[in-house]
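Enquirer: Got a structure here, written out as structure tokens. Questions coming.
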Amino acid sequence: MKLPAFRTGLSGRLPLFLATLVLPVLGGVQEIWWNITYVQDASPDGLFQRRVIGVNNTWPPPPVEVNTTDSLLVHVTNSIDVPTTLHHHGMFFNSTSWMDGAMGVSECGIPPGAQFDYVVPINASGQWGTYWVHAHASGQYVDGLRAPVVIHPPKEVHEYDEEFTIVLGDWYHQEHAVLLKQFISIANPGGAEPVPDSGLIYFAQDGKYLAPIEGTTPSSEVTSAVGFNENATLPFQPGKTYRLRILNASAFSAFFFWIDGHDMRIIEVDGTDVQESPIDLISVTVAQRYSVLVTARNDTSSNWAIHANMDTDMFDTVPDSLNPNITSSITYDSKASITDLGFVDAYHDVEDTSLVPIIEIAQPVATKTIELEVTFDTLDDGTNRAMFNQITYNSPLTPAVLSEMTLGPNATVESAYGPLSFVVDHMDVVDIVVKNGDAGKHPFHIHGHKPMIVGRSQDYTSDDPALNPPIVEGQKNPIRRDTIQIPSMNSATLRVVADNPGVWFFHCHIEWHLEAGLAVQIIEAPLQAQQFVDRIPTALYDHCKALDKPISGNAAGLASATDLKGLPLGPFPQRLGWRPKGIGAMAGCVLAAVVGMMSVVWYALGGHITEEEMEHEVREALAAKEKRGKFFGLLKKTS
């Protein structure tokens, strides 16, 4: 059997010394069984008990740890009442994008009562580091279907004594479906996102979550085995160096993270090992991951506060009931008190383009550019939506990967996949230029790749090169990450090599913005992708049929590159200004008013002209004005 090519997300090949670390013949298959279930009465914040989506009747879903020498096989049973999926965030999937878990793009979803096996070919991807798994269907990860994933290489680049995973997240007391109806509604024309009710911080190690601090009383039996927030602590021993893997699994909120009394050094960004970089505070937006090294103090007379403060600038309002600043602790001595130094002087973002990857990959020369401008607006149905290039995304009826596989030579025609679909050829070097014209920050994530950030602009509309610098070509080793934050009026240029045939989603990872349409599809190397059609499991087709979804043809399920009849489209930007019907109505009003006023004046002066004669004169005057190209500024003269 021919082994799949190793890939880095850029060149399709790994250096020989790295390839020896991930050869599939050295490992096996790590299998896990996840039954997706509802779990009642969960209350991780201790404020409100609610139904959540968990695994095997427990919540939170278990952390996953796997070695680079293994393939991960996840047996999923859907025991909830709606279709579901799992997306292993940041994984390449090596020409098997139907395993990517993005509902509507790479599959139809697992119907209630059905099963599916996700194969994550870690042993052939050349990946290790900090990742996560979450639902990619109808916002289900907002309701709790999310967990950290740690991939261990045989030997780590950086040395440390012990490691912990830190999970940050926002938390809502109402279910996603309820909140979504309130968000995308004519009653919310300004598009204010649902603000979380709480923030969460909890810890994992060796595939298990850490228990609550001894003596504390969790508010819910369902979550009593896991320590959250002030009931959670990291046990430190003097002089040891710890790796802390920080994951933001939120739906909306970014966090600022720091530890009182301890220094941090960044060593990993979204699965990319980097040279040590000292930092006092980590800004981590939705879906991003960082690893930091922290060396424990020698003094054990005090325990120390861990801070994770929400970035409340992202919220339209901050409710009085919300505590946006959550804390936990580092424990040296369970009998000692906690030192909490309070707030920092100022927040700041991580300057990720200054970080240097350990594995050097030079910047290739771009051959294609995709420009995407972000805007939000109230559209013609009265709801506020997100748009790329003035278009809001709708899921196709046929999952795009099945269109790619079944359209034959027409698979290279962009229009076949519906709006906001971009076809790229095999081994194209693509610059995705994202311009954030919105007032808020946005974290953008691409599936199936880890792009280079080759440029950033502080104001993409500016002619000032200090604010909007040109792309510097020939960079020896730009940072690579899969989730990129772009502030308001900033832009980022993401360079991707199209070495992974399939269909890959690119979207804002704020769940509310994805639901509002801030997404595109990258259809990559369709003719090459068709060579792998026989590998698609039968269950994927069966699930589409069970959900009454087409399994072939274009986005509308038709055997055509251009006929998209029946494909959901819109809503659309409002057509502002004077339209023909409005102009006609205004003309009628003006005519009636003029006739009425002249009648009053004429009769007051004792005139005897009839109303028909007066109306005739007014119409002649108006026609003359229109012929000159003027009608109160509303009509333009045309030749």
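Enquirer: Scan around Gly455 for amide H atoms under 5 Å from its own, H built in the peptide plane at 1.01 Å from N, and keep only partners 5 or more places away or cross-chain.
Expert: Here the answer is Thr493, since their amide H atoms fall under 5 Å of that of Gly455.
Enquirer: Quick one: what are the phi-derived ³J(HN,Hα) couplings along segment 56-70, Karplus 6.51/-1.76/1.60 with θ = phi - 60°, whole Hz, x for glycine and proline?
Expert: 6, 6, 10, 8, x, x, x, x, 10, 10, 8, 8, 5, 7, 10
Enquirer: Now, a different point. Whole angstrom only: what separates the Cα centroid of segment 343-421 from the Cα centroid of segment 98-147?
Expert: Cα centroid of segment 343-421 versus Cα centroid of segment 98-147: 19 Å apart.
Enquirer: Here's something else I'd like to know. Add +1 for every Lys or Arg and -1 for every Asp or Glu among the other residues with Cβ under 12 Å from the Cβ of Val167, and state the total.
Expert: After counting each charged neighbour, the total is +2.
Enquirer: As an exercise, take the mean of 1/r over every pair of distinct alpha carbons in the chain, invert it, and state the Kirkwood radius in angstroms.
Expert: For the chain, the Kirkwood estimate is 26.8 Å.
Enquirer: Using a 1.4 Å probe, what is the accessible area per residue for the chain, in Å²?
Expert: It amounts to 42 Å² per residue over the chain.
Enquirer: Mind giving me the nanometre distance, one decimal, between the label points for Lys335 and Glu371, set 7 Å out from Cα along Cα→Cβ?
Expert: About 6.8 nm separates the two model spin labels.
Enquirer: Quickly work out the Gln531-to-Asp41 label distance, labels modelled 7 Å from Cα along the C-beta direction, and quote it in nm with one decimal.
Expert: 5.7
Enquirer: Any idea what angle helix 580-604 forms with the longest principal axis of the chain, computed on alpha-carbon atoms, 0 to 90 degrees, nearest 10?
Expert: So the helix axis and the longest Cα principal axis differ by about 40 degrees.
Enquirer: Something else now. In terms of solvent-accessible area of protein heavy atoms at a 1.4 angstrom probe, what is the ranking of Arg456, Arg575, Arg289, highest value first?
Expert: Arg575, Arg456, Arg289
Enquirer: Summing Lys, Arg as +1 and Asp, Glu as -1, what charge do residues with Cβ under 12 Å from the Cβ of Ser43 carry, Ser43 excluded?
Expert: Once all neighbours under 12 Å are counted, the net charge is -2.
Enquirer: Something else: Run lengths n ≥ 4 of DSSP H only: what is the helix-derived mean residue ellipticity at 222 nm for the chain, with -39500 (n - 2.57) per run over all residues, to the nearest 500?
Expert: The per-residue figure over the chain is -4000 deg cm²/dmol.
Enquirer: Provide the FRET efficiency to the nearest 0.05 for the Ile213-Gln174 pair, computing r from the beta carbons and using R0 = 35 Å.
Expert: 0.75
Enquirer: Also: In the chain, what percent of the accessible surface is made up of carbon and sulfur (1.4 Å probe, ligands and nucleic acids excluded)?
Expert: That fraction is 54 percent.
The values are calculated or read from the model by the stated rules, or taken from the named source; none is laboratory data. Here the structure is a predicted model, which means the values were calculated and not measured. Because the Cβ atoms are built from the backbone with ideal geometry, glycine has one as well, and the counts that use them run over all protein chains shown. Each accessible area value is taken on the protein alone, full model and side chains, heavy atoms only, with ligands, DNA and RNA left out. Shrake-Rupley method; radii C 1.70, N 1.55, O 1.52, S 1.80 Å.
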